[in-house]
1. Please calculate how many Å² of accessible area the chain carries per residue, with a 1.4 Å probe and no DNA, RNA or ligand atoms counted.
2. ALA94 versus ASP56, label points 7 Å from Cα toward the beta carbon: distance in nm?
3. Return the sequence-ordered ³J(HN,Hα) values of the range 124-132 in whole Hz as given by the Karplus equation 6.51 cos²θ - 1.76 cosθ + 1.60 applied to θ = phi - 60°, using x for Gly and Pro.
4. How far is helix 158-172 tilted, in degrees, relative to the longest principal axis of the Cα atoms in the chain, given as a value from 0 to 90 rounded to the nearest 10?
5. Amide H of ILE189 versus every other amide H placed in the peptide plane: which residues, excluding those fewer than 5 positions away on the same chain, fall under 5 Å?
6. For the pair ASN132/VAL18, report the inter-label distance in nm, with labels modelled 7 Å from Cα in the Cβ direction.
7. For the range 174-189, in order, what is each residue's ³J(HN,Hα) by Karplus, 6.51 cos²θ - 1.76 cosθ + 1.60 with θ = phi - 60°, in whole Hz (x at glycine and Pro)?
8. Considering amide H positions built from the backbone, and no H for Pro or chain starts, which residues 5 or more places from LYS177, or on another chain, come under 5 Å of its amide H?
Amino acid sequence: MSQQKVEGPKVMEQKTPVEVPIEDMKHPLEHAWSFWMFTNDKKKWEDNLVELTTFDTVEDYWCLYHYMKSPSELTMGQDYMIFKKGIQPMWEDAANRRGGRWLISLEKRKGEMDRMWLDVVLLMIGENFEHNDDVCGVVVNIRGKCKIAVWTADASNHKAYMEIGRKIKDALGPYAKLSYQHHNSSKNIHTM
Ligand code: MGP
């Protein structure tokens with residue numbers, strides 16, 4: 001009896017026309033951003049700041065988003081901070097010294113903190129403002145009264161901070177309460 005020759009599946013020799021490094025397949029952001037964490041352990045405020053990592057692509061941000069705890073899972077006294085690479089998340093940094101912040105109060109809407117944090121971070125790293133250059137970073141403080149704050153570079157640049165504030169308000173919806181303050185004062189310059 002003649003034995004039938006069984007042929008295995010044909011393996012086509014496949015050649016990728018161009019070898020694309022995986023890094024080049026990611027979508028770059030306009031800026032590189034540093035992700036900071038504050039844990040209230042040490043006496044001096046600035047000693048509690050840790051720069052965890054830097055990201056500069058959309059994909060790397062989503063990786064971090066899935067890997068890290070959401071703000072609502074942090075413990076009391078902790079902060080997350082995302083600032084343009086090179087800007088330290090403190091008033092003393094040259095980029096913040098003349099600046100201020102849009103404070104988003106989460107007093108009554110704490111349950112929505114994670115969504116609001118994500119919305120504001122995406123708005124910021126996606127460079128959705130006309131005055132992107134005026135945006136320094138964003139902070140979420142886990143306290144009895146939690147807060148999200150977008151820091152801008154120049155508290156005397158009314159046009160810039162108002163445009164930024166309006167975009168944040170539009171993204172978060174009519175119930176979001178925003179107030180703008182100079183870093184060296186707790187007085188509200190603007191509310192919306
Ligand atoms: P906070 O953590 O921003 O807000 O500031 P919190 O805890 O809600 O308190 P509140 O004062 O807004 O009601 C708390 C304290 O941390 C400040 O009073 C400062 O002593 C210190 N601190 C906060 N920041 C953002 C800075 C900073 O940029 N530089 C320095 N040196 N100290 C800061």
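1. On the way: 12110 Å² over 192 residues.
Result: 63 Å² per residue.
2. In this crude label model, ALA94 to ASP56 measures out at 2.0 nm.
3. Karplus values, whole Hz, x for Gly and Pro: 6, 6, x, 6, 8, 9, 5, 9, 4.
4. 60
5. Those qualifying (amide H under 5 Å, at least 5 residues apart or on another chain) are TYR180, GLN181, HIS182.
6. According to this spin-label approximation, the distance is 2.4 nm.
7. Here the 3J(HN,Hα) series is x, 7, 5, 9, 10, 9, 9, 9, 6, 4, 9, 8, 9, 6, 7, 7 Hz.
8. SER105
The values are calculated or read from the model by the stated rules, or taken from the named source; none is laboratory data. Keep in mind that this is a model prediction, so the values were computed, not measured. Please note: Cβ atoms are built from the backbone with ideal geometry, for glycine as well, and neighbour counts cover all protein chains shown. With ligands, DNA and RNA removed, areas are computed over all heavy atoms of the protein, side chains included. Shrake-Rupley method; radii C 1.70, N 1.55, O 1.52, S 1.80 Å.
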